[in-house]
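The values are calculated or read from the model by the stated rules, or taken from the named source; none is laboratory data. For clarity, every value in this text was computed on a predicted model and none was experimentally measured. Cβ sites come from the backbone with ideal geometry, for glycine too, and all protein chains shown count toward neighbours.
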């Protein structure tokens, strides 16, 4: 592109508009070319007023038959109204932020075009704040007679002015933008070069299909989607290739340790567990490090798989480090490992931040000198001062609670690259897993152990609360325990949610003979652990909690989960909470309470929870509803925010971009071929802008 000092010198901009464009990061024509429409309006056909229906976004043309402005209405707002007629009907255009200049724009008897969304009030069509096109713009191909772009708002710049500026930019600068992807990659992806894509994206040609544009499936849009997804998949492929080049301690299993494991198993492994164990044992025997994600629903038996891997490592003289997100979960893992290893000369230790003084130093010495074989702990495992003698296997539990840096820090504790197993009980849809964990092999435990009873789930409105509480009384009378989960810690003026503290007080009044506890995120870690232990031991049998109860806590006696304002939670989060009950042999129930005006919609959305206990089906539904940004692990992943792409909508392009990234890595891993020089420069600029991706 020809160098130009500023967007200011594009026709129609000038110093005043340049300042406003700069507030949105648009300082050059290049910036403007990459300031894309948020949507499109089909203005190829003027619609008669009698044909208008609610929800249409269309252009209409008529004669001004009435102008009413400046009077106060609706609680003091000034309303300006223009009435239009075209002989077939009338339309009222209203502006609720009145400015005297509006009145000067309209005269009774003149012809005008309005572009906006139709709504009806008292059976009459209206448009609120429509775009206004005067006589001079009636045949302007930038604004009418075509599919026009709708840009994100730039404060102080009317939409038609911004559109005109973008038209000038596209006409003079789009063709000069150089494509950085080589021809073979564009052909593999099935997308046009960037300069063609830019022109089409801003101002689609006359024959363009509006529905294709609105569904982001046009070739021009696919080019940008491919670029965004390719960069992520290339970064993943490079990271994966880097791991494969490292040397690890091969941890070969033998018949003796396998027989020992079989003797100690408290139950027969499911088919899914056996498949996953075989995948892990095969990886461990390699001289390059395992890098594997283990997904398994709540209660599917991931811990036993981790224990098997740790025992193989011990057999081969290597240490294992298992990192859990909370003290209480680390203790739970430690107790389980100690039980399974009883009688074996395996030294299992627990290292947490609560240890101080001589005890902490004594444990660190054992780890440093190799006397501790399996080390289970929290973030304390990756603190300065913790050194391993021969770390061969790292296991990260509840992976979504840790970021890329913590994962790297655990690997950094080894002198030789360790094998790495990361586990999550949060089912991750395939497309999201490919994006977040494209550098990992993925194993899935998709089968529950026999004997686990499905948790009955009921969506409950206000009218059925009493019957839910009757079930609570019954369960308590039979020795059960109850979780009551709320979305907020304290009352808010904006949100009328049940406050955890007040709820705990009300429950104590209703059940004076039962111990009632309170658990929330503002408590200190030791206070949370103490309260959770009281619940585990039965000292308290009703636990009122915010969502801090979500991760990994095992209380087999808990048979009821009550979730207030379930409409405020994502489906995957509700599924995780539901997994806190049904861990024993008794039937369990999860009540999802909904209320307020959104209750009807919430019941429809939450009905999937009543229909299935399959975490992966729920996760797919959740991803469709909420998008990836709210999903566990996205924030910590180091993946840049997606601008053009949607990993549900663009699943096919995601797979294709991964294949192309892998092919490029084989073909030219260093991007040293001349045909890849421009691509190498683009990737370098992206890496400089997003340093967290590696």
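Observations
Residues are listed down the side, and each one gets a yes or a no for (1) closer than 22 Å to residue 336 by Cβ; (2) without any contact (Cβ under 8 Å) to a residue 24 or more places away in the chain; (3) not assigned by TED's automatic domain parsing to the domain that holds residue 417:
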site	(1), (2), (3)
265	yes, no, no
268	yes, yes, no
273	yes, no, no
276	yes, no, no
281	yes, no, no
285	no, no, no
296	yes, no, no
301	yes, no, no
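- Number of residues in region 318-340 that are in a loop (DSSP other than H, G, I, E, B) and either at pLDDT 95 or above or crowded, with 20+ Cβ neighbours inside 10 Å (or both): the value is 3.
- Residue in region 523-541 that is within 30 Å of residue 450 (Cα to Cα), out of contact with any strand residue (DSSP E or B) (no Cβ under 9 Å at 6 or more places or on another chain) and touching a residue at least 40 places away in the same chain (Cβ under 8 Å) present: yes
- Once region 638-694 is narrowed to residues that are closer than 21 Å to residue 215 by Cβ and part of a helix (DSSP H, G or I), the residue that is modelled with the lowest pLDDT is 651.
- From the options 120, 114, 181, residue that is closer than 30 Å to residue 676 by Cα and not in a helix (DSSP H, G or I): 181
- Residue in region 182-189 that is closer than 30 Å to residue 420 by Cα, surrounded by fewer than 16 Cβ atoms within 10 Å (Cβ to Cβ) and at pLDDT 90 or above present: no
- Residues of region 87-109 that are under 17 Å from residue 66 (Cβ atoms), modelled with pLDDT under 90 and not in a helix (DSSP H, G or I): 95, 98, 106, 107.
- Filtering 373, 389, 379 for residues that are assigned by TED's automatic domain parsing to the domain that holds residue 322, under 21 Å from residue 425 (Cβ atoms) and touching a helix residue (DSSP H, G or I) at 6+ places or on another chain (Cβ under 9 Å) leaves a single hit, 379.
- Here 207, 227, 134, 156 are screened, and the one residue that is at pLDDT 90 or above and outside the structural domain of residue 441 (by TED's automatic domain parsing) is 227.
- Residue 355 over 28 Å from the mean Cα position of the chain (by Cα), over 29 Å from residue 575 (Cβ atoms) and assigned to a helix (DSSP H, G or I): no
- Tally, over region 7-46, of residues that are part of a loop (DSSP other than H, G, I, E, B) and either more than 36 Å from the chain's Cα centre (by Cα) or more than 23 Å from residue 220 (Cβ to Cβ) (or both): 9
- The residue of region 419-459 that is farthest from residue 405 (Cα to Cα), among those that are part of a loop (DSSP other than H, G, I, E, B), at pLDDT below 85 and in contact with a helix residue (DSSP H, G or I) (Cβ under 6 Å, 6 or more places away or on another chain), is 447.
- Test: residue 347 is under 23 Å from residue 429 (Cα atoms) and free of Cβ contacts under 8 Å to residues at least 60 places away in the same chain: no
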